[in-house]
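Asks: Take this structure first; my questions come after.
Derivation of every value follows stated rules applied to the coordinates shown; laboratory data play no part. Note that the structure is a prediction, hence the values are computed from the model and not measured. Here the Cβ is made from the backbone with ideal geometry for all residues, glycine too, and neighbour counts use every protein chain on show.
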Amino acid sequence: MTSRQRFLNACHCRPNDRPPLWLMRQAGRALPEYRKLKEAYTFVQIVQDPELAVEVTLQPVRRFGFDAAILFSDILVIPEAMGQTYRFKESGGVIMDFAIQTKADIEKLSVAQVCERLSYVDKALRMLRKELGDQTALIGFSGSPWTLATFMMEGASVPKFGRALALFREDPHTYFALAEKLTAAISAYLEMQINAGVDAVQIFDSHGGHLAAGEFQEASGRWMKEIISSLPERPLRSAESAYSQAATMPPGDGVPVIVFSLGTHGNWSDLIATGANIIGIDWQTPLAEARQIIPEGIGLQGNLAPMLIVEATPEVVANETRAVLEAMRGRAGHIFNLGHGLTPGAKLENIAALVEAVKYYR
């Protein structure tokens, strides 16, 4: 069984020899080969150069043999393509050229040319599809409308993202105007990625946990549902993307969508209602609990605690990895991942121990 087929089996809750494995933020800052590249290029330069983005995407696959590669990019490419440029500060964190503060600012955002302005992503994905062939799955992604709105209204990484929440509570119609534009932009962007040959897409609702349980559906869930329902049942085929036909899903299967909403405990019904094929579970919820709540037929992704990769020994990481796997034994549709992303302090020997534990699990 190839890694690609193993990943697709899990996405559609089919039998597998073992759970497929990839890690959020597997490409980038934890790897010495990426740090070497960063000596010559900025983060944004790497993201916007297809050849560099392909190289960084492939680095963790070469080193660890993950079952899936995820495009090296950033969720903030969508705001930039709509007219709100971002960059990374030397001291860390993101800063944008301006913050969304008024209705007029929202009206200036343009959806019309998002895919044209993100053509470098399309090119990188097509290159990756050819590089990975039928052996390794390819994942595309976007931020959710809610999470992008929180960044866009602050105009930077901040300790507390409060402006979007205040707008949603005090003037929901204006928030909805922003969410509608973001939903349209993200839908077009993910469709572009599907047509470029990705095997699945993930929506990162990284700030979903900032919302109270009763607010989640209107602020975040409904917009993700609209995006997922807008995606094509199958990727459109053209001469350029014909290569990716070789190992696509059987007839009738769409491109799977993973929703990862950090910290949204208790909103299971809203997450299920998005129509996602797979729901990512963060490290704060035991998988044994999640599998009792999420109906069979919906995959589960997760959920080793990321800090174990920084703080623990390889032996502890291997034992905890096996515990996660055991919690999902007998449940089809498990994709092994962390409960959030790798951090810069991740130890390579711990990642290797995790990978070995998953690959030898039976």
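Asks: For the range 296-353, run through the trypsin sites (Lys or Arg not before Pro) and keep only the ones in DSSP coil with at most 13 other Cβ atoms within 10 Å of their Cβ.
Replies: 329
Asks: Grab the DSSP H runs of the chain that are 4 residues or longer, score each as -39,500 (n - 2.57), total them, divide by all residues and round the 222 nm result to the nearest 500 deg cm²/dmol.
Replies: Calculated mean residue ellipticity at 222 nm is -13000 deg cm²/dmol.
Asks: Positive end of the dipole of the range 3-359, charges at C-beta (+1 Lys, Arg; -1 Asp, Glu), about the Cα centre: which of 357, 307, 85 has its Cα farthest in that direction?
Replies: It is 357.
Asks: Right, next: For Cα pairs less than 8 Å apart in space and 6+ apart in sequence, what is the mean separation divided by the residue count of the range 3-359, i.e. the relative contact order in percent?
Replies: For the range 3-359, the relative contact order is 21 percent.
Asks: At 7 Å along Cα-to-Cβ for each site, give me the label-to-label distance between residue 99 and residue 41 in nm.
Replies: Simple spin-label model gives 3.2 nm for this pair.
Asks: Please provide three numbers in whole Å: the alpha-carbon extents of the range 1-130 along the principal axes, with the largest listed first.
Replies: Computed over the range 1-130, the largest-to-smallest principal extents equal 54, 36, 24 Å.
Asks: Using Cα springs under 10 Å in a Gaussian network model of the chain, which residue among 143, 197, 92 shows the largest mean-square fluctuation?
Replies: 92
Asks: Moving on. At a Cα cut-off below 18 Å, give the lysines reachable from residue 108, other chains included and same-chain residues fewer than 8 away excluded.
Replies: Answer for residue 108, where 18 Å is the Cα cut-off: 181, listed by chain and number.
Asks: Ordered by residue, what ³J(HN,Hα) values in Hz, to whole numbers, does the range 256-272 give under the Karplus form 6.51 cos²θ - 1.76 cosθ + 1.60, where θ = phi - 60° and Gly and Pro are x?
Replies: The phi angles translate into x, 10, 9, 10, 10, 10, 6, x, 9, 5, x, 9, 4, 5, 5, 5, 4 Hz.
Asks: Also: Show which lysines lie in cross-link reach of residue 36 when reach means a straight Cα distance below 22 angstrom and same-chain residues fewer than eight apart are skipped.
Replies: Answer for residue 36, where 22 Å is the Cα cut-off: 89, 347, listed by chain and number.
Asks: How are the C-alpha pair distances of the chain spread across 20 Å bins, as whole percents from the shortest bin up?
Replies: In whole percents, the pair-distance histogram is 31, 62, 7.
Asks: If you don't mind, another one. Where does each of 306-312, 221-227 land if you order them by average Cβ count within 10 Å, highest first?
Replies: Result, highest mean first: 221-227, 306-312.
Asks: Using θ = phi - 60° and the Karplus curve 6.51 cos²θ - 1.76 cosθ + 1.60, what whole-Hz ³J(HN,Hα) does each residue of the range 203-213 get, with Gly and Pro shown as x?
Replies: Coupling constants for the range 203-213: 9, 8, 9, 5, 10, x, x, 6, 8, 5, 3 Hz.
Asks: Grab the other residues whose beta carbon is less than 14 angstrom from that of residue 274, score K and R as +1, D and E as -1, and report the net.
Replies: Local net charge: -2.
Asks: On to the next question. Determine the distance separating the Cα centre of the range 11-61 from the Cα centre of the range 87-146; give it in Å without decimals.
Replies: Taking the Cα centre of each part, the range 11-61 and the range 87-146 sit 16 Å apart.
Asks: Additional query: Nothing charged except the Cβ atoms of Lys and Arg (+1) and of Asp and Glu (-1): what's the magnitude of the dipole of the chain about its Cα centre? Round to the nearest 20 debye.
Replies: 600 debye
Asks: Once phi is turned into θ = phi - 60°, what whole-Hz ³J(HN,Hα) does the Karplus curve with 6.51, -1.76 and 1.60 give for every residue of the range 43-59, x standing for Gly and Pro?
Replies: Each residue's phi maps through the Karplus curve to give 4, 5, 4, 5, 4, 8, 9, x, 5, 5, 4, 5, 4, 5, 4, 7, 3 Hz.
Asks: Then there is this: Among 179, 258, 159, whose Cα projects farthest towards the positive end of the dipole of the range 3-359, with charges put on the beta-carbon of Lys, Arg (+1) and Asp, Glu (-1)?
Replies: Highest projection toward the positive end goes to 258.
Asks: What trypsin sites (Lys or Arg not before Pro) does the range 88-133 have in DSSP loop regions with at most 14 other beta carbons within 10 Å?
Replies: 89
Asks: If you wrap a convex hull around the alpha carbons of the range 62-190, what volume per residue comes out, as a whole number of Å³?
Replies: With only Cα atoms used, the range 62-190 gives 128 Å³ per residue.
Asks: Now for a separate question. Tell me which lysines have Cα within less than 23 Å of residue 123's Cα, excluding those fewer than 8 residues away on the same chain?
Replies: Output for residue 123: 38.
Asks: What list of whole percents do you get for P(r) of the range 32-93, with Cα-Cα distances grouped in 10 Å bins up to the one holding the largest distance?
Replies: 19, 48, 28, 4
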